[in-house]
Amino acid sequence: MKFIKVHGLGNDFTIFESASWEEADKYQTFASGVCDRKFGIGADGLVVVGPDSQADVFMRIFNPDGTEPEMCGNAIRCVARYAIQRGLVKHNKMTVRTRAGIKLPEVKLHHDQSVTVRVDMGEPILTRSLIPMLGEGSNCQVELNAAGQNFTVTGISMGNPHCIVLVDDIDTVPVEKWGPALENHVLFPAKTNVEFVEVLNRNEVIMRVWERGAGV
């Protein structure tokens, strides 16, 4: 079985090819073993790519805990680069089917031979029921308690749920403690990714992520 190891901004994945979306189901059973950093290849997720009837290619992702997220921005950028290199797609702008719908990455080759990939992720989803996030009213500045702490959070979806927490000092945040508590909070019935964000100024932020199904 052939694979390639890739990363986007340090978010690392193993990529396998499959003949169809349905055939990719089999990879879910050994995602945990592949992603294990001591006894497996080691990765934040196992990604499966292949030809698709609805788009140029499909992408499915399996987390280290075996769950399947709807989307991942870093993973789809890696998939776009891989699809070009492998000849699965012949044009730099492509369509990729995900569980969050069709996404539109674009691969760019620059004069210095470097390669970048950007993705049209669509507009963020702010409606609570669609994130999904339980309760009524605004998705912003919602009070909740987790891990013995009171938090003010904002929920959004980019095809998968995110819980954003503004903090004063990112270096003091116990991500390994607060992250899983917020990920599994009852407010988020499908669980959630968690972003701890320190705002430096109007143009810069520092962020640490607890990824749903994968951790730090």
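Key figures
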{"read-out": "Residue match in region 104-114 (condition: of a type in the set (Ser, Thr, Tyr) and farther than 12 Å from residue 47 by Cβ)", "value": "yes"}
{"read-out": "Scan of region 89-98 for residues that are in contact (Cβ under 8 Å) with a residue 40 or more places away in the chain and either buried (at least 18 other Cβ atoms within 10 Å of the Cβ) or within 16 Å of residue 123 (Cα to Cα) (or both), ordered by number", "value": "96, 97, 98"}
{"read-out": "Selected residue (only one of 114, 129, 138 is polar (S, T, N, Q), modelled with pLDDT under 95 and farther than 20 Å from residue 59 by Cα)", "value": "114"}
{"read-out": "Subset of region 52-88 (residues that are surrounded by fewer than 16 Cβ atoms within 10 Å (Cβ to Cβ) and over 28 Å from residue 191 (Cβ atoms))", "value": "53, 85, 86, 87"}
{"read-out": "Matching option when the condition is of a type in the set (A, V, I, L, M), at pLDDT below 95 and out of contact with any helix residue (DSSP H, G or I) (no Cβ under 8 Å at 6 or more places or on another chain), among 104, 109", "value": "109"}
{"read-out": "Residue count for region 159-169, restricted to those that are surrounded by 16 or more Cβ atoms within 10 Å (Cβ to Cβ) and more than 15 Å from residue 193 (Cβ to Cβ)", "value": "1"}
{"read-out": "Residues located in region 33-48, provided they are surrounded by 14 or more Cβ atoms within 10 Å (Cβ to Cβ) and either closer than 17 Å to residue 2 by Cα or among the aliphatic types (A, V, I, L, M) (or both)", "value": "34, 35, 40, 41, 42, 43, 45, 46, 47, 48"}
{"read-out": "Residues of region 139-158 that turn out to be in contact with a Lys or Arg (Cβ under 8 Å, 6 or more places away or on another chain) and either surrounded by fewer than 18 Cβ atoms within 10 Å (Cβ to Cβ) or closer than 12 Å to residue 193 by Cα (or both), as a count", "value": "2"}
{"read-out": "Of all residues making up region 134-182, the number that are touching a Pro at 6+ places or on another chain (Cβ under 7 Å) and either in contact (Cβ under 8 Å) with a residue 40 or more places away in the chain or outside the structural domain of residue 195 (by TED's automatic domain parsing) (or both)", "value": "4"}
{"read-out": "Every pair of residues 6+ apart whose Cβ atoms lie under 6 Å, when the first sits in region 41-65 and is touching a residue at least 60 places away in the same chain (Cβ under 8 Å) while the second is of a type in the set (Asp, Glu) and buried (at least 18 other Cβ atoms within 10 Å of the Cβ)", "value": "44/12"}
{"read-out": "Matching residues in region 99-133 - criterion: being more than 19 Å from residue 8 (Cα to Cα), without any contact (Cβ under 8 Å) to a residue 12 or more places away in the chain and not polar (S, T, N, Q)", "value": "111, 112, 123"}
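Results for (1) outside any loop (DSSP other than H, G, I, E, B); (2) under 20 Å from residue 209 (Cα atoms); (3) touching an Asp or Glu at 6+ places or on another chain (Cβ under 8 Å); (4) at pLDDT 95 or above, shown as yes or no for each residue.
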{"position": "13", "(1), (2), (3), (4)": "yes, yes, yes, yes"}
{"position": "24", "(1), (2), (3), (4)": "yes, no, no, yes"}
{"position": "42", "(1), (2), (3), (4)": "no, yes, yes, yes"}
{"position": "71", "(1), (2), (3), (4)": "no, yes, no, yes"}
{"position": "77", "(1), (2), (3), (4)": "yes, yes, no, yes"}
{"position": "85", "(1), (2), (3), (4)": "yes, no, no, no"}
{"position": "88", "(1), (2), (3), (4)": "no, no, yes, yes"}
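The values are calculated or read from the model by the stated rules, or taken from the named source; none is laboratory data. Treat the numbers as computed from the prediction; the structure is a model and nothing was measured. Quick reminder, even Gly has a Cβ in these numbers, built from the backbone with ideal geometry, and neighbours come from all protein chains shown.
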